1. Which of the following residues is touching an Asp or Glu at 6+ places or on another chain (Cβ under 7 Å) and of a type in the set (Val, Ile, Thr): THR109, THR80, THR117, THR93?
2. In segment 98-116, what count of residues is obtained for those that are in contact (Cβ under 8 Å) with a residue 60 or more places away in the chain and either open to solvent by 30 Å² or more (accessible area, probe 1.4 Å) or closer than 14 Å to ALA49 by Cα (or both)?
3. Quick one: in segment 10-23, of everything that is within 22 Å of PRO90 (Cβ to Cβ) and either in a strand (DSSP E or B) or modelled with pLDDT under 95 (or both), which residue is least open to solvent (accessible area, probe 1.4 Å)?
4. Can you name the residue in segment 24-47 that is touching a Ser or Thr at 6+ places or on another chain (Cβ under 9 Å) and of a type in the set (A, V, I, L, M, F, W, C) and, of all such residues, is surrounded by the most Cβ atoms within 10 Å (Cβ to Cβ)?
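The values are calculated or read from the model by the stated rules, or taken from the named source; none is laboratory data. Not measured: the values here are computed from a predicted model. Virtual Cβ from ideal backbone geometry, glycine too; neighbours counted across all protein chains shown. Side chains included, ligands, DNA and RNA excluded: accessible areas come from the protein's heavy atoms. Shrake-Rupley method; radii C 1.70, N 1.55, O 1.52, S 1.80 Å.
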Amino acid sequence: QVQLVESGGGPVQAGGSLRLSCAASGTIFAINTMGWYRQAPGKQRELVAEMSRGDETFRDSNRYADSVKGRFTISRVKNTVYLQMNSVRPEDTAVYYCNVRGSLYDFNTFDAWGQGTLVSVSS
């Protein structure tokens, strides 16, 4: 079992900054991918940023949605993933969900989602 706990959402003015965090816990053997998705009202959920485990040197690779490149940064410390959001825009308003994929100690894989945190950007 894997549990994800998100925090850091809330209201912010356009041009401001916000940092989201998501802590994963449970019988996790290895994490392969940690990422953030968002869903705005009336729209489909979309990828915001994702960090994938790299090679044996543990060099991760990151990818971002075009709309957030240069403004958002994904990072990770152990089993917690962060999303630093700078220069936010009203169109960044959405519920943000973290997603973690990996394997458990019983060798089963998992694909877990956080409960979602609302980011509301005012102009």
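1. Going through THR109, THR80, THR117, THR93 in turn, just one is touching an Asp or Glu at 6+ places or on another chain (Cβ under 7 Å) and of a type in the set (Val, Ile, Thr): THR117.
2. Here is the first cut: in segment 98-116, the ones in contact (Cβ under 8 Å) with a residue 60 or more places away in the chain are 98-107, 110, 112-116.
Okay, now just the ones that are also either open to solvent by 30 Å² or more (accessible area, probe 1.4 Å) or closer than 14 Å to ALA49 by Cα (or both), so 98-101, 105-107, 113, 115.
Of the residues in segment 98-116, 9 are in contact (Cβ under 8 Å) with a residue 60 or more places away in the chain and either open to solvent by 30 Å² or more (accessible area, probe 1.4 Å) or closer than 14 Å to ALA49 by Cα (or both).
3. As a first pass, look at segment 10-23 and keep what is within 22 Å of PRO90 (Cβ to Cβ): 10-20.
From the residues that got through so far, the ones that are either in a strand (DSSP E or B) or modelled with pLDDT under 95 (or both) too are 10-13, 18-20.
Working: GLY10: 17, PRO11: 116, VAL12: 19, GLN13: 135, LEU18: 29, ARG19: 135, LEU20: 0 Å².
Out of the qualifying residues, it is LEU20.
4. So, considering only residues that are touching a Ser or Thr at 6+ places or on another chain (Cβ under 9 Å) and of a type in the set (A, V, I, L, M, F, W, C), the one surrounded by the most Cβ atoms within 10 Å (Cβ to Cβ) is MET34.
Let's see how each residue does on (1) outside any strand (DSSP E or B); (2) of a type outside the set (A, V, I, L, M, F, W, C); (3) in contact (Cβ under 8 Å) with a residue 12 or more places away in the chain; (4) open to solvent by 60 Å² or more (accessible area, probe 1.4 Å):
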site	(1), (2), (3), (4)
ALA49	no, no, yes, no
TYR82	no, yes, yes, no
TYR96	no, yes, yes, no
LEU118	no, no, yes, yes
